[in-house]
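Below is one structure, written out as structure tokens; the observations come after it.
The values are calculated or read from the model by the stated rules, or taken from the named source; none is laboratory data. What you see is a predicted model, and the numbers here were worked out from it, not measured in a lab. All Cβ positions, glycine included, derive from the backbone under ideal geometry; neighbour counts span all protein chains shown.
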Amino acid sequence: MELLGEYHRDKVLVLPKNQRKQVDLPTWQDDIKIIHELFGWVLQGHKIRIVCRSENEAQYIYSLWSFEWTDFWVPKNDKYLAEILPRLLVLKKGHDELVEKKTFFYTNRKIREAVKRQIYLGATLRVRDADEEIESTEEEALNEEDE
């Protein structure tokens with residue numbers, strides 16, 4: 001599976017700086033929703049409100065932010081964003097399914113969240129690093145559970 005970090009690098013970071021904008025977000029919260037309002041699209045949660053120029057931009061930001069990325073680039077061109085968004089959503093779904101598969105049997109919420117964060121971190125690493133990172137995280141979580 002292609003990693004989110006690789007995809008973002010290959011599709012967005014290659015763009016000239018004048019064709020992308022940097023987004024700095026607060027820490028992810030589980031209650032974030034994409035809302036269509038009278039004057040545009042908004043990512044909204046408890047005490048958070050981020051105005052987006054289009055639904056595609058809102059989905060793009062939401063997808064990366066849900067993986068706890070808080071600092072990344074977004075293409076300024078809406079047509080290009082519409083081209084790359086479907087693949088990002090497919091990758092996100094694949095990573096979400098992997099997270100569910102790897103964490104569903106942990107009863108301890110802290111361990112489940114730690115493994116989840118490491119899988120998300122692994123999504124930003126190179127392919128050969130990601131597998132090693134996920135395996136070591138699972139071993140660490142199991143060792144914590146035994147103690």
Would you be able to say whether some residue in region 58-65 is among the hydrophobic types (A, V, I, L, M, F, W, C), under 15 Å from K21 (Cα atoms) and touching a helix residue (DSSP H, G or I) at 6+ places or on another chain (Cβ under 8 Å)?
-> yes
Any residue at all in region 68-87 that is surrounded by fewer than 16 Cβ atoms within 10 Å (Cβ to Cβ), part of a helix (DSSP H, G or I) and either under 17 Å from the mean Cα position of the chain (by Cα) or touching a residue at least 60 places away in the same chain (Cβ under 8 Å) (or both)?
-> yes
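I'd like the full set of residues that are touching a Pro at 6+ places or on another chain (Cβ under 7 Å) and more than 11 Å from V74 (Cβ to Cβ), limited to region 1-56. Before the answer, list the steps.
Here is the first cut: in region 1-56, the residues touching a Pro at 6+ places or on another chain (Cβ under 7 Å) are 12, 15, 19-20, 48.
Scanning region 1-56 gives a single hit, I48.
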With criteria (1) within 20 Å of L4 (Cα to Cα); (2) touching a residue at least 12 places away in the same chain (Cβ under 8 Å); (3) surrounded by fewer than 12 Cβ atoms within 10 Å (Cβ to Cβ), E97 comes up short on (2)
Region 19-41, residues that are loosely packed, with under 11 Cβ neighbours inside 10 Å, farther than 24 Å from R117 by Cα and in contact (Cβ under 8 Å) with a residue 40 or more places away in the chain = none
Check on K110, part of a helix (DSSP H, G or I), surrounded by 13 or more Cβ atoms within 10 Å (Cβ to Cβ), charged (D, E, K, R) and modelled with pLDDT of 80 or more = no
Kindly establish whether H8 is assigned to a helix (DSSP H, G or I) and either in contact (Cβ under 8 Å) with a residue 12 or more places away in the chain or touching a Phe, Trp or Tyr at 6+ places or on another chain (Cβ under 8 Å) (or both).
-> yes
When P26 is run through (1) over 16 Å from V90 (Cα atoms); (2) touching a helix residue (DSSP H, G or I) at 6+ places or on another chain (Cβ under 8 Å), the failure sits at (2)
